[in-house]
Each structure stands twice: as structure tokens, then as C-alpha cells.
Amino acid sequence: MTGETTHNLRGDYSGMRPDYTVEQAWSAYSREEHALWRRLYARQAALVPRYACREFIDSLAALDFGEAIPRFEEVNPRLARATGWEIVAVPGLVPDRVFFDHLAHRRFPVTVWLRKPEEFDYIVEPDVFHDFFGHVPLLFDPVFADYLQAYGRGGLKAERLGAIEMLSRLYWYTVEFGLIETAAGLRTYGAGILSSGGELPYCIDSGEPNRIRFDLLRIMRTRYKIDTFQETYFVIRDFRELFEATAPDFAPCYEELAGRESIPPRAVLPTDRMA
Ligand code: HBI
Ligand code: FE
């Protein structure tokens, strides 16, 4: 999830460390919360084979955390062996700089609290289900894991250049709501979609949204809404395309984009290549 501040948020930020991390306190989760986790997991797992990319499907199957809220400390040794990443527990959204710094050091912040039953279908802030179910499986994919670290490094630099908004759009239209072409047709790799009951079928089946081929500068200029299904999705060929797009220094992008109008979420430009 992206783009919020850390003011009046739900999490308990009182006991956190200077890097905004906390203990997961797994024993504090109630039976009701584990039951809600199982319901959320069952709903999404039924949709994943039809709508998620192969890398996500395979990683989810290998992880097998449908019975209860996972213990981060149990997953971390496997994650470290796979890609050198580590899950760190956080109270919720953290400031951009803190977030980028964790990613730049291959640490993925995962929120510790779980939504309420009445938020089964929609939640504004990322909870442990969005973060763990949506983001953690792809941390096991080497190319995607490298992209996320490159993104974190780029974010730290973007902050110094005052270009956070452009980087947040890149995160939104790839890590949170990205689509990918596969031999089986269009699939998704975006955490915001994979953890959503409604948007997972919608992003592939609906005739409503635009589906535009990945274009870094176009994405950096495109605004997004956080409380509706996306009006536009961007489509990559593979994760290498993402990694290669973020390998070079972003500074020239910012110079080229400085002063240019942002693009509304619904727009289609004559230069857009539709997927
Ligand atoms: N904090 N815990 C957490 N999770 C996020 O996904 C997150 C964040 N802070 C900022 C943020 N995302 C976005 O602004 C990114 O685009 C940087
Ligand atoms: Fe997210």
C-alpha cells in the first residue's frame, strides 16, 4: 500500500524501535483473528490459480500458511536462504524514508495487526493479510526481490531529489497493482490485487479498465486513486523488464518529468501501447 503519512493511523507505534520495527507478538493474536485469517486466505487461494502469475502461485504453494497467521520468525530462515530478504514487523505504515531504507537493505516491513471481520472486503491501510499474503510470496523470486531492493535504493535517492511522488506511482502501478503477460494470458503480480477479493478477477476479466504496456516515464506521471478498483493497469513482459527499468539512475527521469503535467488515472494517450 502506498502514499499515506504516519499520523492518526491504527497501529500501536508506542513500543517501536528507531527503525519503526516491533515484535510480532504472535501469541497475542486471538482465535477469532486466526479464524478470520483462514477465511481471507481461503477466499484468495481459490482465485490465485486463475489470476495470479506462476511465480506467485508456486511460492504460495511452497509456503503453506493458510491455517493461521504466520510467525514471521518461522518464515525468515527460508526467505533468507531463498533471496537474502527478511520480514521485519512494523506497527503499520511507516514514513517513506524508513520504508525505502528497509527495502534498500532487503528488509520487507510487514504490519502486525489484522483487519476486523467487517473489513473482510476492503481495508484502507495495509494489515498483516495485505502485507504477508500480497507481498511476501514474491520476495522468494530472485528477480523480483532484486527489483524491490533497487526500488528501495532509488527511493532513498528520490527523496533527496524531491521525487517521492513519482516513485510512489511506480510502486503503485507495479508492486501493488501490476499485471504481467504469461503463456496462459494476462495475470497479476500486484499485492494490492492479490489480497483483494474483488479486484483479483476484475483486473483480468473486466472490460472497464485500460491495460497499457509498461512505460516507466508514463507510469511516473500517472496519478492513482487509493479507494477504488484501478482504472488503468500497466503490463510487463516479465520481472526482468521491471528490474532493467530501475537499474539506471532515475535522476534523468526526474529532470525530463519536472514541470510536465501529471496524467489522470483514466486517461489513454496516443503514444500508449495497449496490452
Ligand atoms: N509503510 N509499512 C508500510 N508499507 C508500505 O507499503 C508503505 C509504507 N510507507 C510508505 C509507502 N508504502 C509508500 O509511500 C511507498 O510508495 C514508498
Ligand atoms: Fe502493499
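Just so you know, all these numbers are worked out from the coordinates, no wet-lab data involved. Keep in mind that this is a model prediction, so the values were computed, not measured. Counting neighbours? That spans all protein chains shown, and the Cβs are built from the backbone with ideal geometry, glycine included.
The set of residues from segment 9-53 being among the charged types (D, E, K, R) and either crowded, with 17+ Cβ neighbours inside 10 Å or more than 24 Å from residue 206 (Cβ to Cβ) (or both) comprises 10, 12, 17, 19, 23, 31, 32, 33, 38, 39.
Of the helices (runs of 4 or more DSSP H) lying entirely inside segment 1-89, not one is found with 1 or more residues being within 16 Å of ligand 1 (Cβ to nearest atom), polar (S, T, N, Q) and in contact with a Pro (Cβ under 6 Å, 6 or more places away or on another chain). The residues of segment 91-132 that are outside any helix (DSSP H, G or I), closer than 19 Å to residue 194 by Cα, in contact with a helix residue (DSSP H, G or I) (Cβ under 6 Å, 6 or more places away or on another chain) and away from ligand 1 (no atom under 11 Å from the Cβ) amount to a single one, 114.
Name the single residue that is nearest to residue 57 (Cα to Cα) among those in segment 185-210 being free of Cβ contacts under 8 Å to residues at least 60 places away in the same chain and away from ligand 2 (no atom under 12 Å from the Cβ). Looking at residues that are free of Cβ contacts under 8 Å to residues at least 60 places away in the same chain and away from ligand 2 (no atom under 12 Å from the Cβ), I get 185. Search segment 211-230 for residues being touching a residue at least 12 places away in the same chain (Cβ under 8 Å), of a type outside the set (Phe, Trp, Tyr) and more than 25 Å from residue 259 (Cβ to Cβ), and hand back the single one that is surrounded by the fewest Cβ atoms within 10 Å (Cβ to Cβ). It comes out as 227. Checking each residue in segment 133-168 for being in a loop (DSSP other than H, G, I, E, B) and buried (at least 20 other Cβ atoms within 10 Å of the Cβ) picks out 141, 163.
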